[in-house]
Amino acid sequence: MSDQPENLRVILAKLGLDGHDRGLKVVARILRDAGMEVIYLGLRQTTDSIVSAAEQEDADAIGLSMHNAGHMTLAPNMVKALKAAELDIPVIVGGIVPDDDVALLHEAGVAAVLGPGASAEEVARVVRDAVQANRAGAQA
Amino acid sequence: MAENEPTQAELRAAYDREMARAKLREIPFETMSGVPVDSVYGDGPYPGQYPYTRGVHASMYRSRLWTMRMFAGFGTAEDTNARFKELLANGGTGLSTAFDMPTLMGRDSDSPWSTGEVGRAGVAVDTLADMEDLFGGIDTSAVSTSMTINGPAAIVLAMYVANAEKNGVPRKALAGTIQNDIFKEYQAQKEYIYPPRPSVRIVTDMIRFTAAEMPKWNSVSISGYHIREAGSTAAQELAFTLANGFAYVEAAMAAGVDVDVFAPRLSFFFNSHIDFFEEIGKFRAARRIWARWLKERYGAKDERSLLCRFHTQTAGVSLTAQQPEINIARVAIQALAGAIGGTQSLHTDSFDEALALPTEKAARIALRTQQIVAHETGVANVADPLGGAPFIEWMTDEMERQAEAIFAHLEDLGNGSILEGVYAGIENGYFVGEIADASYRFEREVNAGRRIIVAVNDFTDGAEPQKDLLRIDATTEEYQLKRLADVKLKRNQAAVDEALAGVTKAAADPTANVMPPILEAVNAYATLEEVVKAMETVFGTYVEKAII
């Protein structure tokens, strides 16, 4: 793995009905400013629509924003849908996730969880780390 | 001074006459040290006098405190019903209903879209049966109820009416508010169903229906709250909200309704954020602008049409997940700004809301917080207590100036029509773009340390693990699915089909009002989503362009 920055391609989406998109838009701009390519799908996405975007766009990571307490159902569903499509892409969840649920989401295959108050640097680093860890895992 | 403008002495005399007539609460209006205080200080126009900068009524909280209206809703209708009863027993004076995301989006609990979201962020309402449970044992003629719903507002209002009438309460006796503010959905909250124009047609149908049959009902609560939560500045919140209000006025007038027939039942909903003086200036400017525009531009004659009456909620977005207990202090400051700003009702956020829906204890502390503001601080004794202070007057003028610049832009976009300007601003991404820019600017400033958020980017010692969060377990969804299946099994399907056909027919006829056939449909236990789809076949759906 080289240390050179590369243009990671990151899909950002709201899965399901939740319309709180302030955080996701901020993250989109943070990642863009950090040199990544953001594919912003926006609101009301399904696991299917995200999987097909990930295939078409050759995505390196998928960021889901969740503010409606649906994360314990929706995030694992996303991981399963990617697996079913044989796509090895890390899923990062951002939003309001109680501490107790973070470990459960990790167990369910979510690569990282970003909570409220994460700094711009932290957001970009977590995405990069998740992609690198995923690649390292794939090589192992 | 213009020739007919009243003198200060005349204004004061008129104010004193109003006060002499006002029925006041029987408490001493004095400081805690026993010093009697006047009901208002400084110059006129006084509260209750055009342009109402200083308040909508002369006596303000001396007659009646603001309504302490706590927003609640989670899980099943029975769960929320119990929370309602708890809030009423604890001195809450109005109900406010939070619906879950599927309900807000017009989806039934058994829709594939609803998986994982049933009863999570509010209460699930699929059919009239759920509305019956939600208000079971509550006399709907004796409470005022606020329902926060927009896309499917017509259907939920119909369910509320149907439930009341089944309990012998006529619709004309119902008091309350339905949010029904579809413009801010495209701009900020994103809970729309149909495209803007057919959605506004439904709103005007509801304005006509409530104006004719529900005299105590506020047909639209024009809401800046969500615009602010989505990241706007205070002035953008003010301007976008009032512009949306002007747009509804223009739409209803275009539909042939006299402005003085519906404008008195329009109410507003603002955010009370943490910058104390800016917020107070915003509230004062809102009253002044609304009064001027309604009188001068829309020709309203009835004084009640000119009054910007508003609900306030403290800023959920200002609450921190870090060290959540300190949010109690933020909420207290924001509640005080709302009271000084002259709000008609107030929801105080619970300290744990950055983490989850509030626990019962946190909701009670939030209610107690506004009770302290109301009963202990003395703020309720004197109307507009900061009026006349140079900074507050300047801030009020500044808010107004910024808002007028935005109105001018919208008027430009709409070739002289605010309504068309709002449509155009939705179509060309103006509103979402402005809000996203403001939101990102703020985040960058926090990130760079230019702004301090206590416990987030400074003063971070003392963080503890989270505890005692309200959890909605998965049994809610199972329960609700079974409940919905039962209702569908028991109802008369032929009656449902016929009623739904009536809804579609009314939707297709621009001269018809959709409310009566929707009432028929919900009375037949048609589901929310069935009624939504019955109109969707005519109106289509709205998909937002995804822009960052």
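The values are calculated or read from the model by the stated rules, or taken from the named source; none is laboratory data. All values derive from a computational prediction rather than experimental measurement. With ideal geometry, Cβ positions are generated from the backbone for all residues, glycine too; neighbour counts draw on all protein chains shown.
What is the residue count in the stretch B:63-80 for residues that are modelled with pLDDT of 90 or more and surrounded by 22 or more Cβ atoms within 10 Å (Cβ to Cβ)?
Matching residues across the stretch B:63-80 total 3.
Check B:GLY119, B:GLY106 and return the single one that is modelled with pLDDT of 95 or more, within 24 Å of B:THR140 (Cβ to Cβ), in a loop (DSSP other than H, G, I, E, B) and within 14 Å of chain A (Cβ to nearest Cβ).
B:GLY106
State all residues of the stretch B:331-361 that are assigned to a loop (DSSP other than H, G, I, E, B) and in contact with a Ser or Thr (Cβ under 8 Å, 6 or more places away or on another chain); if no residue qualifies, say none.
Within the stretch B:331-361, B:GLY341, B:THR343, B:GLN344, B:THR348, B:ASP349, B:SER350, B:ASP352, B:ALA354, B:PRO358, B:THR359 qualify.
Between a residue in the stretch B:464-491 that is within 14 Å of another protein chain (Cβ to nearest Cβ) and any residue that is part of a helix (DSSP H, G or I) and surrounded by 11 or more Cβ atoms within 10 Å (Cβ to Cβ), which pairs come within a Cβ distance under 7 Å, given they are 6 or more apart or on different chains?
Hits for this filter: B:PRO465/A:ASP99; B:GLN466/A:ASP99.
When you look at B:ASN163, is it in contact with a Ser or Thr (Cβ under 9 Å, 6 or more places away or on another chain) and either part of a helix (DSSP H, G or I) or more than 18 Å from B:PHE71 (Cβ to Cβ) (or both), yes or no?
Yes: the conditions hold for B:ASN163.
Between A:VAL51, A:VAL27, which is within 25 Å of B:GLY116 (Cα to Cα), in contact (Cβ under 8 Å) with a residue 40 or more places away in the chain and assigned to a helix (DSSP H, G or I)?
A:VAL27
Failed condition for B:ALA494, given (1) within 30 Å of A:ARG44 (Cβ to Cβ); (2) in a helix (DSSP H, G or I); (3) not charged (D, E, K, R), with all others met?
Failing condition for B:ALA494: (1).
With touching a Phe, Trp or Tyr at 6+ places or on another chain (Cβ under 9 Å) and either at positive phi or surrounded by fewer than 24 Cβ atoms within 10 Å (Cβ to Cβ) (or both) as the only criterion, which of B:VAL143, B:VAL220, B:VAL169 stands out?
B:VAL143
Would you please name the residue that is nearest to the other protein chains (Cβ to nearest Cβ), looking only at residues in the stretch A:4-33 that are of a type in the set (Val, Ile, Thr) and in contact with a strand residue (DSSP E or B) (Cβ under 8 Å, 6 or more places away or on another chain)?
Within the stretch A:4-33, the match that is nearest to the other protein chains (Cβ to nearest Cβ) is A:VAL27.
Among the candidates B:ILE182, B:ILE193, which residue alone is within 14 Å of chain A (Cβ to nearest Cβ), touching a residue at least 60 places away in the same chain (Cβ under 8 Å), in contact with a Pro (Cβ under 9 Å, 6 or more places away or on another chain) and buried (at least 20 other Cβ atoms within 10 Å of the Cβ)?
The match here is B:ILE193.
When the residues of the stretch A:74-104 are narrowed to those that are more than 28 Å from A:GLN139 (Cβ to Cβ) and without any contact (Cβ under 8 Å) to a residue 12 or more places away in the chain, which ends up farthest from the other protein chains (Cβ to nearest Cβ)?
My answer is A:ASP100.
Of the residues A:GLU121, A:GLU107, which single one is free of Cβ contacts under 8 Å to residues at least 24 places away in the same chain, more than 12 Å from chain B (Cβ to nearest Cβ), out of contact with any helix residue (DSSP H, G or I) (no Cβ under 7 Å at 6 or more places or on another chain) and over 24 Å from B:VAL123 (Cα atoms)?
A:GLU107
Quick one: count up the residues across the stretch B:1-23 that are at pLDDT below 95 and touching a Phe, Trp or Tyr at 6+ places or on another chain (Cβ under 7 Å).
0
To keep it simple, each residue is scored yes or no on (1) out of contact with any Asp or Glu (no Cβ under 7 Å at 6 or more places or on another chain); (2) not acidic (Asp, Glu).
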position: A:ASN7; (1), (2): no, yes
position: A:LEU12; (1), (2): yes, yes
position: A:ASP21; (1), (2): yes, no
position: A:VAL26; (1), (2): no, yes
position: A:ARG29; (1), (2): yes, yes
position: A:MET36; (1), (2): yes, yes
position: A:VAL51; (1), (2): yes, yes
position: A:GLN56; (1), (2): yes, yes
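Select from the stretch B:418-442 the residues that are out of contact with any Ser or Thr (no Cβ under 8 Å at 6 or more places or on another chain) and of a type in the set (Val, Ile, Thr) and list them in ascending order.
Across the stretch B:418-442, the qualifying residues are B:ILE418, B:VAL422, B:ILE426, B:VAL432.
Does the stretch B:424-431 contain at least one residue that is among the hydroxyl-bearing types (Ser, Thr, Tyr), surrounded by fewer than 22 Cβ atoms within 10 Å (Cβ to Cβ), in contact with a helix residue (DSSP H, G or I) (Cβ under 9 Å, 6 or more places away or on another chain) and within 14 Å of chain A (Cβ to nearest Cβ)?
No - not one qualifying residue is present in the stretch B:424-431.
Within the stretch B:116-173, can you find the residues that are of a type in the set (Asp, Glu) and closer than 26 Å to B:ARG471 by Cβ?
B:GLU117, B:ASP126, B:ASP130, B:ASP133 - these are the residues of the stretch B:116-173 that are of a type in the set (Asp, Glu) and closer than 26 Å to B:ARG471 by Cβ.
Can you pull out the residues in the stretch B:295-315 that are assigned to a helix (DSSP H, G or I) and surrounded by fewer than 19 Cβ atoms within 10 Å (Cβ to Cβ)?
Residues satisfying the conditions are B:LYS295, B:GLU296, B:ARG297, B:GLU303, B:ARG304.
When you go through (1) more than 9 Å from chain A (Cβ to nearest Cβ); (2) part of a helix (DSSP H, G or I) one by one for B:GLY449, which number turns out not to apply?
(2) is the only condition that B:GLY449 fails.
What single numbered condition from (1) farther than 27 Å from B:ILE326 by Cα; (2) not in a loop (DSSP other than H, G, I, E, B) fails to hold for B:GLY388?
(2)
Of everything in the stretch B:36-49 that's in contact with a helix residue (DSSP H, G or I) (Cβ under 8 Å, 6 or more places away or on another chain) and surrounded by 14 or more Cβ atoms within 10 Å (Cβ to Cβ), which residue is farthest from B:ARG292 (Cα to Cα)?
Per the stated criteria, the residue is B:SER39.
From the residues in the stretch B:85-103 that are within 21 Å of the chain's Cα centre (by Cα), part of a helix (DSSP H, G or I) and surrounded by fewer than 24 Cβ atoms within 10 Å (Cβ to Cβ), which one is farthest from the other protein chains (Cβ to nearest Cβ)?
So, considering only residues that are within 21 Å of the chain's Cα centre (by Cα), part of a helix (DSSP H, G or I) and surrounded by fewer than 24 Cβ atoms within 10 Å (Cβ to Cβ), the one farthest from the other protein chains (Cβ to nearest Cβ) is B:LEU88.
Go through the stretch A:40-73 and count every residue that is of a type in the set (S, T, N, Q), within 13 Å of another protein chain (Cβ to nearest Cβ) and farther than 18 Å from A:VAL131 by Cα.
Final tally of qualifying residues: 6.
Output the qualifying pairs, or none if there are none: Cβ atoms under 7 angstrom, residues six or more apart or on different chains, first residue in the stretch B:300-323 and within 14 Å of chain A (Cβ to nearest Cβ), second residue assigned to a strand (DSSP E or B) and of a type in the set (Gly, Ala, Ser).
B:ALA315/B:SER272
Grab the helices (runs of 4 or more DSSP H) fully contained in the stretch B:214-276, keeping just those with 1 or more residues being under 20 Å from B:ILE202 (Cα atoms) and touching a residue at least 24 places away in the same chain (Cβ under 8 Å).
Qualifying helices (runs of 4 or more DSSP H): B:234-254, B:259-262.
Collect the residues in the stretch A:26-59 that are among the hydrophobic types (A, V, I, L, M, F, W, C), closer than 28 Å to B:SER111 by Cβ and out of contact with any Leu (no Cβ under 8 Å at 6 or more places or on another chain), keeping them in residue-number order.
A:LEU43, A:ALA59
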